[in-house]
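In what follows, a structure is listed as structure tokens, so that the remarks can point back to it.
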Amino acid sequence: MDTSPYGWWFPPNISMHGAGIDRIIDVVHWFMAVLFVGWGIFFVYCLIKFRARPGHQASYQLPKAKISKVAEVGVLVFEVFLLVGLSMPVWSKYRNDPPKAEENPMEIRVVAEQFAWNFHYPGADGKFGRTHPRFMAADNLIGLDRSDPLAADDIALNNKFYMPKDRPIVLRLTSKDVIHSIWIPVMRVKQDVIPGMEIPVWFTATQTGHYQIGCAQLCGNNHFTMISDLFVQEPEEFRQWQLEQKSSGGEEEEEEDA
Ligand SMILES: [Cu+2]
């Protein structure tokens, strides 16, 4: 039986950049827990200390307590640290520079639709065949132009994504219809997918396994079914898989003999 990598806590992080994001989430949650418990104790203290009782009158003057100023400035300083010291460095490190050519990134186009993820691999020549919406059909979900020689070895997958570990992956995201959002929890990746735009997102896997890709943007009635399998493989295994792929984009897909 397949043991699920998902439990009650975070899914495992199998991306190169994910540890920084997880650290920020941890820090924010601990900070919120301290604030929540601290305020709770303060409220209970006030309820008892300032309860209505004979011989005591409410005061409508602001107390000249220094502690509240210190607390407010403390929270402000911490929030600036959170933003400038933690979030911005992690985010800019991850998002400013796409993988360099010498890192040998692999580019894959992602075409989202209600309610599926289509993946377009360039095939052995490393070049994408031309696509256009007018070629879209039930057997050509990415709208590949089959008269284009570059399209002959292209691979198109529906709701299945195969990738090697230890190699930067660049997804080029677009959508046929409405706004979707590609969500790969184990990669700590979530990016809106907008029709009419091509948005890149990149990540590198550090572990193999079978995981899930979901849609994080409510995109219609069957949004919840917009789930794709993610297979992270050893580089050698992935090469083997690539070789076994018959071009599914360039030509009519043939039925395998049973
Ligand atoms: Cu969606």
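The values are calculated or read from the model by the stated rules, or taken from the named source; none is laboratory data. Here the structure is a predicted model, which is why all the values come from computation and not from measurement. Cβ placement follows ideal geometry from the backbone for every residue including glycine, while neighbour counts extend to all protein chains displayed. Side chains are part of the model used for accessible areas, which takes the heavy atoms of the whole protein and leaves out ligands, DNA and RNA. Shrake-Rupley method; radii C 1.70, N 1.55, O 1.52, S 1.80 Å.
Report, in whole Å, the centroid distance computed from the Cα atoms of segment 136-209 and segment 73-106. The distance from the Cα centre of segment 136-209 to that of segment 73-106 comes to 25 Å. Amide H contacts of residue 189 (H built 1.01 Å from N, in plane; Pro and chain starts excluded): 184 sit under 5 Å, all sequence-distant by 5 or more or on other chains. Report note on the peptides 61-72, 22-33, 205-216: ranked by the mean count of other C-beta atoms within 10 Å, highest first, their order is 205-216, 22-33, 61-72.
So what's the chain giving for Cα Rg divided by 2.2 N^0.38 Å, two decimals?
In units of the 2.2 N^0.38 Å rule of thumb, it is 1.41.
Lys and Arg at +1, Asp and Glu at -1: add these up for the other residues within a Cβ distance under 14 Å of residue 167 and post the number. Local charge sum for residue 167: -4.
Translational diffusion coefficient of segment 18-95 at 25 °C, 0.890 mPa s, Stokes-Einstein with Kirkwood Rh over Cα pairs, in µm²/s as a whole number. Value of D from the Cα-based Kirkwood radius: 157 µm²/s.
Between the amide H of residue 181 and those of 193, 216, 217, distances stay under 5 Å, these residues lying 5 or more places away or on another chain, with hydrogens modeled in the peptide plane. For segment 112-258, the direction-averaged projected area of the alpha-carbon convex hull comes to 9.1 nm². Just to be sure I understand: of the beta bridges DSSP finds with both ends in the chain, what percent are antiparallel, rounded to 5? Rounded to the nearest five, the antiparallel share is 70 percent.
DSSP bridge analysis restricted to segment 94-186 gives an antiparallel fraction near 60%, rounded to the nearest 5. A dipole drawn for the chain from +1 and -1 charges on Cβ atoms has a positive end, and of 224, 211, 39 the residue lying farthest that way is 39. Helices meeting the span-like rule in the chain (full DSSP H runs, Cα extent of at least 15 Å along the helix axis, mean Kyte-Doolittle score of 1.0 or higher): 18-49, 66-80.
Highest mean first, the peptides 150-158, 172-180 sorted by other C-beta atoms within 10 Å per residue fall in the order 150-158, 172-180.
Between 15, 59, 92, the GNM of the chain built on Cα springs shorter than 10 angstrom shows 59 fluctuating the most.
Any chance you could count the Lys pairs in segment 101-244 whose alpha carbons are under 20 Å apart, treating pairs 8 or more apart or on different chains as valid?
Final tally of qualifying lysine pairs is 4.
Amide H contacts for residue 112 (H built 1.01 Å from N in the peptide plane; partners 5 or more residues away or on another chain; cut-off under 5 Å): 118, 174, 175, 176. Approximating the spin labels as points 7 Å out from Cα along Cα→Cβ, the residue 130-to-residue 246 distance works out to 2.6 nm. Leaving out ligands, DNA and RNA, and with a 1.4 Å probe, what % of the accessible surface on segment 101-244 is carbon or sulfur? Using a 1.4 Å probe with all protein chains present, segment 101-244 comes out at 52 percent carbon and sulfur. Using Cβ point charges alone (K and R +1, D and E -1), the dipole size of the chain about the Cα centre works out to roughly 2640 debye.
The overall shape of segment 139-206, judged from the alpha-carbon gyration tensor, is oblate: a/c is not under 1.5, and a/b is no greater than b/c.
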